[in-house]
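Peer 1: So that we are looking at the same thing, I have put the structure below in structure tokens.
The values are calculated or read from the model by the stated rules, or taken from the named source; none is laboratory data. If you're wondering where the values come from, they're calculated on a predicted model, not measured in any experiment. For neighbour counting, all protein chains shown are included, and Cβ atoms are generated from backbone atoms with ideal geometry for every residue, glycine included.
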Amino acid sequence: MNQQLQTRLDKIPDKLVSEEFLSSKGIGNEIGFYIFDYPAEQELQVRTYISFLEQLMAKKSANLKLIHINLLDLLLAYLESRKLLDKVIELQKRKGDDALLKALAGPLHIDKVSKYLIDEYSVSEHDMVLISGVGSVWPLLRTHNLLNGLHAKLGHKPLVLFYPGEYTGQDMSLFGKIKSDNYYRAFKLVP
């Protein structure tokens, strides 16, 4: 276990129940999007913590409705709902990753995926959204595109993205290696 990461993780529950977080106060006219970045090699520790966090929040703040969305689960369910899952698996086997990425460009357009996320997970009925599984869906879904796609749909509803990489407040680097387009609308959840 990485103790430095655990110390940061342990700060999350108090942050999530704070009035400032829930009402997006103190962040000007910005949206309530937050990123919790962590070293990619600590993915299993973070996954375990998210499960713990869900249980803790259910006990500690039962009045708050939290939803956790794993992007891999979302992507598989979305492709299945469009009756594409078996087809894309077969396409990837026959023609490889490049053909798969090209074929999925339309079906995985971020407007479609973000609408599916909002509708299928009944996000409007929850007080906050936690998103994980970023590394599992790359390069099919890109984090900055997803956040941009959710911006207008979520408004000021707090969203926390668990990000296996580095986020400087301006730039994202998946796995600490793959630079993403600039994304400056989110705040670091815990420094």
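Peer 1: Can you find a residue in the stretch 166-178 that is under 28 Å from Gln6 (Cβ atoms), at pLDDT 90 or above and not small (Gly, Ala, Ser)? Before the answer, list the steps.
Peer 2: As a first pass, look at the stretch 166-178 and keep what is under 28 Å from Gln6 (Cβ atoms): 166-178.
Narrowing the set further to residues that are at pLDDT 90 or above leaves 166-167.
Right, trim to not small (Gly, Ala, Ser) and you get 166-167.
Within the stretch 166-178 (the criterion being under 28 Å from Gln6 (Cβ atoms), at pLDDT 90 or above and not small (Gly, Ala, Ser)), the answer is yes, since at least one residue qualifies.
Peer 1: Right, something else. Report, by residue number, each residue of the stretch 159-177 that is more than 12 Å from the chain's Cα centre (by Cα) and surrounded by 14 or more Cβ atoms within 10 Å (Cβ to Cβ). Outline the logic, then answer.
Peer 2: Here is the first cut: in the stretch 159-177, the residues more than 12 Å from the chain's Cα centre (by Cα) are 165-177.
Of everything in the stretch 159-177, those that are more than 12 Å from the chain's Cα centre (by Cα) and surrounded by 14 or more Cβ atoms within 10 Å (Cβ to Cβ) turn out to be Gly165, Glu166, Tyr167, Asp171, Met172, Ser173, Leu174, Phe175.
Peer 1: Here is a check on your reading of the model: is Gly106 more than 30 Å from Thr7 (Cβ to Cβ) and in contact with an Asp or Glu (Cβ under 7 Å, 6 or more places away or on another chain)? Walk me through it before giving the result.
Peer 2: Numbers: more than 30 Å from Thr7 (Cβ to Cβ): yes; in contact with an Asp or Glu (Cβ under 7 Å, 6 or more places away or on another chain): no.
Judged against the criteria, Gly106 is not a match.
Peer 1: A further question on this structure: Can you tell me which residue is modelled with the lowest pLDDT among those in the stretch 36-59 that are closer than 16 Å to Val129 by Cα and among the polar types (S, T, N, Q)?
Peer 2: Among those residues, the one meeting the criterion is Gln55.
Peer 1: Give me the pairs, please: first residue somewhere in the stretch 106-131 and buried (at least 16 other Cβ atoms within 10 Å of the Cβ), second residue anywhere and part of a loop (DSSP other than H, G, I, E, B) and of a type in the set (D, E, K, R), beta-carbon distance under 6 Å, and either six or more positions apart or on two chains.
Peer 2: From the stretch 106-131, the pairs are His126/Lys65.
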